[in-house]
Every structure is written in structure tokens, then in C-alpha cells.
Amino acid sequence: MVDINRNSPTRKDNRSNKKKRRRRILLAIILTFLVAGLGYAGYVGYHAYQAVNKSYQQIKGRGDKSALRKSPVYVSSDPFSVLILGIENYASGKKGDPGRTDTMMVATFNPKEQTMKLVSIPRDSRVRIPGWRKDKINAAYGHGGKELSIKTVENLLDIPIDYYVTVNFDGFKNIVNILGGVDVNVPFNFNDIDPQWHRYYFYKGPQHLSGNAALVYARMRYKDPRGDFGRNTRQREIVSAVIGKLSSPSAILKIGDIADQLGNNIETNMKISDAIAFRQKYTDFNSSKIQQLQIKGSDLYLGYPKEYFFQPDPQSLDEVSTILKTHLGLISPSSSSGSTTSSGSSSSDSQSSSNDSQNSSNH
């Protein structure tokens, strides 16, 4: 007698086959989404690379390093410096006028410590501009663009400037908005307007700012009792907050939008590959590792009618220069042991100078 059920699947076999089919379907769905996700990530990555690559501009007249360097530096392994220039190009209204630098900051990064030093250079600082006369340092950009600004800052601080970044105000506002705004600690109550006459109000204490408000907050000068010193402190606060946001994991999800703004509004000689290498290697770096420094000085009025200048104090310049040189590994820490600027009252932004431009609010 033939057993007709011998080759027929049992109920248990049917259940097992159904489970296998469901697993295969689920796996196919997961793989489909994974491939689609990787494709989208690849597109975003390529788009971001192309967009940011538009911002790359070499420094004319020099090769792959500053004249103050013996050899090129690499952001993935060496201490390096960056000159940050905020460009104001609408002040004069003259066609073809490159404008002046409304903001000038120097940042140095030490890879071993994973720390940053950030110093503001008051825009009215009276300095020697190479090839020109003594003038306000922000005039260097109008005379010779970023190249002359870099030379002027190198002469002033006696350090090599390895990289530069120029930012226009539209780019600054848009990047802050993409990052979801920034948090600041407002030093006192005040209000001010933007170029379109929109008024913004700021209240003493913690406050969250949009891009437009952050720009007004950073640029306000005449209502600050500390004048340019107060403004420089607020600008460094904003820059530190933006660096903190850019260093957060959430910024990765916005890389496409950020890249568009970088490509359209920022110019730099740092290659995108270098920026990626920096972000991948120094994952622990954040805004808490930024030390703010300040150049002290006094008010100076020259000519007729009287024109205001900020006269940097030579001792303060030497102290700030020593701190930056040490941070860049150009001199040993023992060479700067006599300096009081790292945490003392000479150049640290934590304390006010007796020369804190008492009259600067009227400039």
C-alpha cells in the first residue's frame, strides 16, 4: 500500500515555510530602504562636497604655507591658526568697493590638547599695514583683500596665519538659522535695529537667538558701556556657540543645507577634505574647550576733525602673541612661563581692563 501523505507538507512545515517567506520579504524591504538611504546619503554627501568646494580659494602670492612657517601644516595632525573675517560690503555703497572687515578674529587649535584660543582684534586698531601707512586694521581688506589682511595680522601678532575664512552677513544669519539658533548670556538689557530697521530686544540673562537677532546682538556697539570691547566679547560668544552647534551630532543631519550656505557665502583656503579629517579625528572638541583672549589698549584721536583709533597696548600684544605661539607649538611652555595672560588680568577676557575704552561708546 502506498502512503500518499509521505511527500505532502505537514501543517508544521507550512508554518515554517510561511515564516521563512516573511523573513525574506522583511529582509528585502530592509535592504531596499538601506540601499535607498545609502543612495540618498551619497547624493547629499556629493552635493555637500560640491557646494562646499565652491568656497575654496587659495591665498594669492603664497604657496602651501605662510612665510612664517618652515613647512606646511596639516589640520589632522598639526597645530594651526585661522583668521576669521566678517565682511561688511554695504557701508559705502560704491560699486566694486570690497568693503571692510567688520569682524576680525584669530583662532588657534592645538591637536594634542584639543583646545582652541580665540582672540578678537578691534577693527579700529591702529596698525602698520604693509605697503601702506598706519591705519585702522579693517582698512587692510579694502586696500588688498584677504591677502593684505593676513599679512597685517601676521605682523601684528607675530604668528603664521595658516588658514582664513571670510563670511558675509547673509551667510552668517542663514547658518545660525539652519542650526536652530544659538544660546547666549546677554550682559545687560538693550535693543537695536538691523539694516532693514527691524528692532530686536535683548534682556539680561540667557536668551535664544535666531540668525537675524544673533547678527544684531553681535554687531551692536554704541549702547555697550565697554564699546568695542563689549562687542568683541559678544562676537566671540556667538562664534563659540556656532562652533558648538556645528560640533554636535545633529549638525550631520543638516549638512546639505549648511554646505549650500558655506558654498555661497563663505570663502576659505581650507580644503573640504581637511575639514572632514578634522571633524573625524577631533570628535571630543566642543565650545567648552575654547579660551577667549583679549587685546588691551587705549583710545586715540588723531587728525582734524578728530578720528578715533584703538591703540593696542604693546605689552598686551606681546602677551597674547606668546600665548598663541605656545598654543601653536612655536615656542615651549617654559618660554612663556613669565607671561600672566593665560589666566591673569593682562589679556584674559574674564576681567576688564582699566583702559576698557571708557569713551568708546561714543565713537
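Quick check on my filter: what residues within the stretch 248-289 are of a type outside the set (Ser, Thr, Tyr), loosely packed, with under 14 Cβ neighbours inside 10 Å and within 22 Å of Glu237 (Cα to Cα)?
Scanning the stretch 248-289 gives Pro249, Asp284.
With respect to the numbered conditions (1) of a type outside the set (Asp, Glu); (2) surrounded by 18 or more Cβ atoms within 10 Å (Cβ to Cβ); (3) more than 27 Å from Ile243 (Cβ to Cβ), which one is the sole condition not fulfilled by Ser125?
(3)
For Asn138, all conditions in the list (1) polar (S, T, N, Q); (2) surrounded by fewer than 21 Cβ atoms within 10 Å (Cβ to Cβ); (3) touching a strand residue (DSSP E or B) at 6+ places or on another chain (Cβ under 8 Å) hold save one; what is the number of the exception?
(2)
Does Pro187 count as crowded, with 18+ Cβ neighbours inside 10 Å and under 30 Å from Gln315 (Cβ atoms)?
no
This table checks each residue for (1) in a loop (DSSP other than H, G, I, E, B); (2) of a type outside the set (Lys, Arg); (3) at pLDDT below 90.
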| position | (1), (2), (3) |
| --- | --- |
| Asp78 | yes, yes, no |
| Ser92 | yes, yes, yes |
| Val127 | no, yes, no |
| Asp135 | no, yes, no |
| Tyr141 | no, yes, no |
| Gly145 | no, yes, no |
| Leu156 | no, yes, no |
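The values are calculated or read from the model by the stated rules, or taken from the named source; none is laboratory data. Everything numeric in this text was worked out from a predicted model, so none of it was measured. Virtual Cβ from ideal backbone geometry, glycine too; neighbours counted across all protein chains shown.
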